[in-house]
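As structure tokens, the structure follows; a few thoughts come after it.
The values are calculated or read from the model by the stated rules, or taken from the named source; none is laboratory data. Since this is a predicted model, take the numbers as computed values, not measurements. FYI the Cβ positions are ideal-geometry reconstructions off the backbone, even for glycines, and counts take in every protein chain you see. Ligands, DNA and RNA are excluded from the accessible area calculation, which covers all protein heavy atoms including side chains. Shrake-Rupley method; radii C 1.70, N 1.55, O 1.52, S 1.80 Å.
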Amino acid sequence: MRQVRYEGRNIQSYELVDPEGRDLPPFTAGAHIDVHLENGIVRQYSLCNSPGDRRRYVIAVLRDEKGRGGSKAVHEHLKVQDRVRVSCPRNHFELAEGARKVILIAGGIGVTPLKSMAHQLAGRDDAGCELHYCARDAQSAAFTEELASLIEPGRLHFHFDGGDPAKGLDIAQLLRNEAQDGTHVYYCGPAGFMRACADASADWPKGTVHCEHFKAPERAVPRDERTPGGFTVEIASTGERLRVPVDQSIADVLKAAGVPVQTSCEAGLCATCKVRYLSGEVEHQDCILDGDDQQNFLTICVSRAKSELLVLDL
Ligand code: FES
């Protein structure tokens, strides 16, 4: 860890470099890394620096007192000169090719992947980029000066609502006026903000709306009401069948049975646990797979079966 910086109220950025000064594995805007914290906690954080900068990864973390403990662990324990274990970058929030205009909408700390996009787009003259940054107030907004250096004057808009979303950006109006060929929108932020953006962009052309959740939204149906009594998964390669009770995930059951599966966020956010299924009906509970992917894959950390039997391509 080379640097820890105050970026805004309860927000710190962390600059990670290779201990030997070597280049780091490359990434593209929108990518995130897994950060391994003490007690086996692993959290995903978006990279917010320029993808062209091979010498460092920069993440920014909002301390969330009501969260699962990852952000508090980062704020309290990560220090300059610490050795920190991180994964290679992965990206499920890529910039699409061929956009004529890009609208970035950030809710709070959701600005982090969008800042990296602003870096990447700053070097291109084929796509105009504008950023709408929604925050409670100026003190809660991070990277304001850096963003101003990346985005043309008049295209960087701060929306401070004082804690009342009704006084902030009218997302529905913004996106109603912008839907047109060649325009892509990218958004990231807290749950209510995500819902507002999803509703406002529901009629946009397929493939032009892109988002990333940094926190799993509340599940629509409580876990124990969905599949009473649980369901069975079958491992296609061996024919082994395992019962998934209501209080365990498919990933938990597979791991307990010694089936080698990988998980990371365990919240339906990162797709590390994505597995192909061959038959059965899935109740998708993640925030990462799109409609096409959902026809063939599920995230086994959160998604479940609606059918009695689900056959996994493992
Ligand atoms: S482990 Fe991240 S989506 Fe399942």
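For this structure, a couple of remarks:
Listed here are the residues, each with its yes/no results for (1) open to solvent by 20 Å² or more (accessible area, probe 1.4 Å); (2) within 20 Å of the chain's Cα centre (by Cα); (3) on the phi > 0 side of the Ramachandran plot; (4) of a type in the set (Gly, Ala, Ser).
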position	(1), (2), (3), (4)
GLU130	yes, no, no, no
GLN139	yes, no, no, no
PHE143	no, yes, yes, no
LEU150	yes, no, no, no
ARG155	yes, no, no, no
ARG176	yes, no, no, no
TYR187	no, yes, no, no
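Residue-by-condition table, conditions (1) closer than 24 Å to ARG43 by Cα; (2) not assigned by TED's automatic domain parsing to the domain that holds LEU174:
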residue	(1), (2)
ASN91	yes, yes
ALA96	no, yes
ALA106	yes, no
ILE109	yes, no
THR112	yes, no
LYS115	yes, no
GLN120	no, no
ARG124	no, no
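- Counting only helices (runs of 4 or more DSSP H) that fall entirely inside the range 86-200 and contain at least 2 residues that are of a type in the set (D, E, K, R), the qualifying elements are 144-150, 171-178, 191-200.
- Selection count where residues are surrounded by fewer than 22 Cβ atoms within 10 Å (Cβ to Cβ) and either part of a loop (DSSP other than H, G, I, E, B) or within 11 Å of the ligand (Cβ to nearest atom) (or both), scope the range 298-314: 5
- Whenever a residue of the range 252-274 is at pLDDT 85 or above, its partners that are within 6 Å of the ligand (Cβ to nearest atom) and charged (D, E, K, R), lying with C-beta atoms within less than 7 angstrom and at least six residues away or across chains, give the pairs GLY268/ASP286.
- For the range 35-56, the set of residues classified as open to solvent by 10 Å² or more (accessible area, probe 1.4 Å) and in a strand (DSSP E or B) consists of HIS36, VAL42, ARG43, GLN44, TYR45, SER46, listed by residue number.
- Any hit, the range 106-121, residues being free of Cβ contacts under 8 Å to residues at least 24 places away in the same chain and of a type outside the set (Asp, Glu): no
- Residues that are away from the ligand (no atom under 15 Å from the Cβ) and either of a type in the set (S, T, N, Q) or exposed (fewer than 13 other Cβ atoms within 10 Å of the Cβ) (or both), drawn from the range 246-279: ASP247, ALA256, ALA257, GLY258, LEU278, SER279
- Some residue of the range 2-13 being in a loop (DSSP other than H, G, I, E, B) and at pLDDT below 95: no
- Which listed residue, of ARG68, ARG100, ARG90, ARG83, is at pLDDT 95 or above and surrounded by fewer than 21 Cβ atoms within 10 Å (Cβ to Cβ): ARG83
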